[in-house]
Amino acid sequence: MEILLNGHRTETDAADMVQLKRQVYGDFGLDADACKKCIWIVEGFQTDENLPLREGMTVNWIQKGIFPPKEEMESMLCARHTPHVYEKAKKARVAVAGLGGLGSNIAVMLARTGIGHLHLIDFDVVEPSNLNRQQYFIEHLGMYKTEAMKALLSHINPYIEVTIDTVRIDESNCLQLFAEDEIICEAFDKADAKAMLTEQILCYCPDKTLICGSGMAGYGPSNTIVTKKLNHYFYICGDGISGAGPGHGLMAPRVTVCAAHQANMVLRCILGLDAEDKEDSNAE
């Protein structure tokens, strides 16, 4: 029969996973210790079960600690995300405006999702107070956030395209910066910057999707953070009221919850799903 093994159409006489593993390990000359370090994914699920094989089945395997080539890496991501999801994510162009608590978390989640082109924009550098909620490490201190995040994402998924603009976004450059982006995640700290970006995109780029964050400070209930649709191309994530202030700072858990809402809404938009549609309504 023919199966798809690590993205390659492969003829095999194996009837089940035990026989296939024996065949693969023999072909690659792996010893017992190397075999124990192998992970197998069958039709998108990691499993050690001895499942029967069938014509056209998708199977992926990888040795722990060994980075796969691009074709095999993409095959594994496709298997884990399911094919129709990964193929659409791979073609998408998404911008993240601001790489602080929201934006750095959004960027990491989108990279793990396999978004094909990420556009990262920020003017600031990483400093110690950022480390309580942002996706940076000690070694990034003093680096521009754009450069630090691009380097970080290369360790997660080196095969996506990441472009950066180390610049402050304002009315004079906003439209030009986002000209090539289909979906924009607003991740600013300051209300005036949020208002400026929202006005510019909604007024002059009505066909672009804008996903904003509003209200995620403190340590209130996670379930008060929601995703709301304001019009066909405009969504806001957050509780809408929790602003940062003295005694009510920005904490990693709620900021990350809000960032996850924004990243998930990006994926739903790519798949043609609305804020509250059933998952399978238009995903195909």
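The values are calculated or read from the model by the stated rules, or taken from the named source; none is laboratory data. Note that the structure is predicted; figures quoted are calculated from it, not measured. Positions of Cβ are generated from backbone atoms using ideal geometry, with glycine treated the same way; all protein chains shown enter the neighbour counts. Accessible surface areas use protein heavy atoms only, side chains included; no ligands, DNA or RNA. Shrake-Rupley method; radii C 1.70, N 1.55, O 1.52, S 1.80 Å.
Below, the figures for the structure above:
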{"item": "From 186, 147, 171, residue being open to solvent by 80 Å² or more (accessible area, probe 1.4 Å), within 24 Å of the chain's Cα centre (by Cα) and at pLDDT 95 or above", "result": "147"}
{"item": "Considering residues of region 203-262 that are over 22 Å from the mean Cα position of the chain (by Cα) and of a type in the set (Phe, Trp, Tyr) only, the residue farthest from residue 109 (Cα to Cα)", "result": "204"}
{"item": "Tally of residues being in contact with a Cys (Cβ under 7 Å, 6 or more places away or on another chain) and either open to solvent by 60 Å² or more (accessible area, probe 1.4 Å) or among the β-branched types (Val, Ile, Thr) (or both) across region 191-208", "result": "1"}
{"item": "Residue list for region 22-57, filter: among the basic types (Lys, Arg) and in contact (Cβ under 8 Å) with a residue 24 or more places away in the chain", "result": "37, 54"}
{"item": "Single residue of region 271-284 satisfying the filter (at pLDDT 85 or above and open to solvent by less than 30 Å² (accessible area, probe 1.4 Å)) that is nearest to the chain's Cα centre (by Cα)", "result": "271"}
{"item": "Residue satisfying condition, being among the polar types (S, T, N, Q), in contact with a Phe, Trp or Tyr (Cβ under 8 Å, 6 or more places away or on another chain) and at negative phi, within set 46, 63", "result": "46"}
{"item": "Filter result for residue 123 (open to solvent by 80 Å² or more (accessible area, probe 1.4 Å), touching a Lys or Arg at 6+ places or on another chain (Cβ under 6 Å) and at pLDDT 85 or above)", "result": "yes"}
{"item": "Unique match (being among the basic types (Lys, Arg) and within 23 Å of residue 243 (Cα to Cα)) among 150, 208, 190", "result": "190"}
{"item": "Tally, over region 105-118, of residues that are buried (at least 21 other Cβ atoms within 10 Å of the Cβ), of a type outside the set (A, V, I, L, M) and either assigned to a strand (DSSP E or B) or in contact (Cβ under 8 Å) with a residue 60 or more places away in the chain (or both)", "result": "2"}
{"item": "Evaluation of residue 182 against (1) more than 26 Å from residue 90 (Cβ to Cβ); (2) touching a residue at least 12 places away in the same chain (Cβ under 8 Å) (one fails), failing number", "result": "(1)"}
{"item": "Options 138, 164, 160, 211; residue that is among the aliphatic types (A, V, I, L, M) and open to solvent by less than 10 Å² (accessible area, probe 1.4 Å)", "result": "211"}
{"item": "Of all residues making up region 119-163, the number that are among the acidic types (Asp, Glu) and part of a strand (DSSP E or B)", "result": "1"}
